[in-house]
1. Count, please, the residues in the stretch 39-67 that happen to be at pLDDT 95 or above and either of a type outside the set (Asp, Glu) or within 17 Å of the chain's Cα centre (by Cα) (or both).
2. Which residues, counting only those in the stretch 85-105, are in contact (Cβ under 8 Å) with a residue 60 or more places away in the chain and not in a strand (DSSP E or B)?
3. Just to be sure, is Leu141 open to solvent by less than 50 Å² (accessible area, probe 1.4 Å), of a type in the set (A, V, I, L, M) and out of contact with any Leu (no Cβ under 7 Å at 6 or more places or on another chain)?
4. Just need a number here: residues in the stretch 163-199 that are open to solvent by 30 Å² or more (accessible area, probe 1.4 Å), charged (D, E, K, R) and closer than 24 Å to Asn58 by Cβ.
5. Would a scan of the stretch 81-89 turn up a residue that is open to solvent by 10 Å² or more (accessible area, probe 1.4 Å) and among the hydroxyl-bearing types (Ser, Thr, Tyr)?
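The values are calculated or read from the model by the stated rules, or taken from the named source; none is laboratory data. Computed from a predicted structure; not experimentally measured. Cβ: placed from backbone, ideal geometry, glycine included. Neighbour counts: every protein chain shown. Just the protein is used for accessible areas: all its heavy atoms, side chains included, with ligands, DNA and RNA removed. Shrake-Rupley method; radii C 1.70, N 1.55, O 1.52, S 1.80 Å.
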Amino acid sequence: MRFRKNVLCGLLAAAMCSTLVLNGCSSGEKPLSGENGTEAEEEQDKTGGAADGSGEGNLGDFTMKDLNDETYTQEMFADYDLTMINVFTTWCTPCVREIPDLEKIYQEMKDDGVGVAGIVLDAADGSGETDGETVEKAKMLAEKTGVSYPFLIPDEGYLNGRLAGIQAVPETFFVDRDGNIVGETYSGSRSFEDWKSIIEKELEGVTR
C-alpha cells in the first residue's frame, strides 16, 4: 500500500513539473522544474504580482529601442487604455509559441484601446549591453510570426528595475495610459481565449 502511494505521489509530482515546462521557462535558460520553479509559481499565485514583489507602481521615464532601432519611451502607453507587456526570451519555447496568439490579440483588440509590446529579455544584459546575435534571432522570430507590435530591447536601467529579478518567462503585466502598472502579473504562457478573458477583465479595471 505504501509503495502504491509513493508511486502515485511520484506521478503527481512529474505531472506538475511537466505543466511548468510546457507553460514557462526559468530566466536561467532552463525549463521551470523542481523546488525553485514551484516556489516561484506559488508566490505568483499568492500575490498576483511578480515573485520579487514588483507588481505595482509607475514605470517612470525610460527609453528603449526596438529591433529596427526605433525609439520608444513612456509615451507609448498614451495611445492605449491598457498595454500588455510580454517579457520573453528567444530560447523559451512556450514564449515563442504564444506570440502568434498575442499578435491576434493585438489585431482584435487595438481598436478597443489595447496595445501589446514584447520585451526580449535576453537581447541585453543588466548593464544595457546589447547581444547582437540574440537581436538577430529575435528579428527572425518577428518575421516568422508576422508580429506587428514592437519587440523591445531592455535598456540600461532594465525598465527602471521592473525587469530585474524576473525568475521565469514569459512574464506578462499590464500598464495604463499614464504608465502605471495595473492589475495582476501573470507568469507562464496562455491560450488566445485565456488571454482575451484576462485582458477584458484588466481593461474593465482601467476604463470604468
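1. Residues in the stretch 39-67 being at pLDDT 95 or above and either of a type outside the set (Asp, Glu) or within 17 Å of the chain's Cα centre (by Cα) (or both): 9 in total.
2. Within the stretch 85-105, Thr89, Trp91, Cys92, Thr93, Pro94, Cys95, Arg97, Glu98, Asp101, Leu102, Lys104, Ile105 qualify.
3. Working: open to solvent by less than 50 Å² (accessible area, probe 1.4 Å): yes; of a type in the set (A, V, I, L, M): yes; out of contact with any Leu (no Cβ under 7 Å at 6 or more places or on another chain): yes.
When the stated conditions are applied, Leu141 passes them.
4. Step one: filter the stretch 163-199 for residues open to solvent by 30 Å² or more (accessible area, probe 1.4 Å), giving 164-165, 167, 177-178, 180, 183-184, 190-191, 193-194, 196-197.
With the extra rule that they be charged (D, E, K, R), the set shrinks to 177-178, 184, 190, 193-194, 196.
Within this subset, residues satisfying the condition of being closer than 24 Å to Asn58 by Cβ are 177-178, 184.
Qualifying residue count for the region: 3.
5. no
Per-residue answers, yes or no, for (1) on the phi < 0 side of the Ramachandran plot; (2) buried (at least 21 other Cβ atoms within 10 Å of the Cβ); (3) touching a His at 6+ places or on another chain (Cβ under 6 Å):
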{"position": "Asp79", "(1), (2), (3)": "yes, no, no"}
{"position": "Ile99", "(1), (2), (3)": "yes, yes, no"}
{"position": "Asp111", "(1), (2), (3)": "yes, no, no"}
{"position": "Gly128", "(1), (2), (3)": "no, no, no"}
{"position": "Asp131", "(1), (2), (3)": "yes, no, no"}
{"position": "Glu136", "(1), (2), (3)": "yes, no, no"}
{"position": "Asp155", "(1), (2), (3)": "yes, no, no"}
